[in-house]
1. May I ask you to order 131-139, 348-356 by the average number of other C-beta atoms within 10 Å around their residues, highest value first?
2. What does the helix-only formula give at 222 nm for the chain: each DSSP H stretch with n ≥ 4 adding -39500 (n - 2.57), the total divided by the residues, and the result rounded to the nearest 500 deg cm²/dmol?
3. Rounded, prolate or oblate, given the Cα gyration tensor of the stretch 90-135, with a/c below 1.5 counting as rounded?
4. State, as an integer percentage, the relative contact order of the stretch 188-246 based on alpha-carbon contacts under 8 Å between residues 6 or more apart.
5. With charges only on Cβ, +1 for K and R and -1 for D and E, what is the dipole size of the stretch 324-368 about its Cα centre, in debye, rounded to 20?
6. If you project the alpha carbons of the stretch 25-69 onto their three principal axes, what span does each projection cover, largest first, in Å?
7. For the peptides 78-88, 228-238, what is the packing order when you average, over each peptide's residues, the other Cβ atoms within 10 Å and list the highest mean first?
8. Sorting check: for 329-342, 303-316, 56-69, which peptide has the highest mean count of neighbouring beta carbons within 10 Å, and how do the rest follow?
Amino acid sequence: MSENIEIRARETIQNIQPYLPGKPIWELQSERGLAQVIKLASNENPLGPSPYALKALNHSLTDIHRYPDANTSILRKEIASKLDVKPEQLIITNGGDELITLVSESFLEPGDEIIIPSPSFSEYEFGANLMGANIIKVPLGENYTFNVDTMIEKVTERTKIICICSPNNPTGTYLSKANLQHLLEALPKDVLVLFDTAYSQYAVAEDYTNGLEFVRAGYPIVVLQTFSKVYGLAGLRVGFGAVPEFIIQHILKVKEPFNVNALAQVAAAAAIHDDEHVHLSLQSNIKGRKQLYRAFKELSLPFIESMSNFVLVELGPNAKSVYEQLLDKGIIVRYGGTWNLPCHIRVSVGTKFENEVFIQGLGEIMKS
């Protein structure tokens, strides 16, 4: 019967490709009969979740028969006190991905334009395609630096949003505070900047900014942050946007009620104050990055020094084969073809042991 049915999807759906996450551990174990699998594909915190969050979760399990707070009042208050913004300037979302979609739904019409540096996080394109907007890609410069002036030159009367990920996924490069201010000052007043700082806690460059000072100053900017990375709460799906009040009222109109579950709210409200976990995660990441850098230098593999918890490394035309051979060894990384980087892989920084397993496996493959 199905061959006689002709249900037509929206035209814009034809331009959308489903997001391809990193392969889960259980899937690789099942496919290849492996006892041990090392996952360095999804930029997760190798130290695990915030202990503050775990303690809070244990005290909240008996309340899950209640609906979550649709206004996320407690969590917004805790984040606001930690980051020196107003609770009214915060929107809590089901991971950072939902915020990207909400911004697209709030401000994009068919035929509008959205400017995106390339390569970068694919969800910006998803939001634009969903709303029928046109995507203007601006290639990153030498060593994957941001071309701010080129982005400004690409702005037209149809431009509505510029998306910037800093530190950028998958390159690990960042936009300096001076360059962000230059961009904000140069843009027309009706262009919104979506500034994705999901990896901001890992950035140690002196001229880096997480963008929050520009929210406080009232610039047309949405700063995205997440609890999935340094706080280790990826499985709970909770992120947030810091947004000037005159902008946030529009985004709130398209947000679903109860979009962030009760346990995620409780865990995040505790984790935001876990300074020790953040510090330990940062120190572990700095050491892990150096461990990977040394190995790549020994193997004569070009790589980009990262301000995040992953490293982009160039393997050459056999990168896809190397990726597959790593899977055979029980090591999951991310193949660069996702970002039109077919000669690269992206490696999350793991524990010292996980990094050692990856380095040994990669060395065996490259020398074979």
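The values are calculated or read from the model by the stated rules, or taken from the named source; none is laboratory data. Source: prediction; values computed, not measured. Cβ atoms come from the backbone with ideal geometry, glycine included; neighbour counts cover every protein chain shown. Ligands, DNA and RNA are excluded from the accessible area calculation, which covers all protein heavy atoms including side chains. Shrake-Rupley method; radii C 1.70, N 1.55, O 1.52, S 1.80 Å.
1. Ranking, from highest mean packing down: 348-356, 131-139.
2. -11000 deg cm²/dmol
3. Working: a/c = 2.31, a/b = 1.30, b/c = 1.78.
Oblate, because a/c is 1.5 or more while a/b does not exceed b/c.
4. Reported relative contact order: 35 percent.
5. For the stretch 324-368, the charge dipole is close to 140 debye.
6. Sorted from largest, the Cα extents of the stretch 25-69 read 42, 22, 18 Å.
7. By packing density, highest mean first, the sequence is 228-238, 78-88.
8. Numbers: 329-342: 19.6, 303-316: 21.6, 56-69: 12.2.
Per-residue mean Cβ counts within 10 Å order the peptides as 303-316, 329-342, 56-69.
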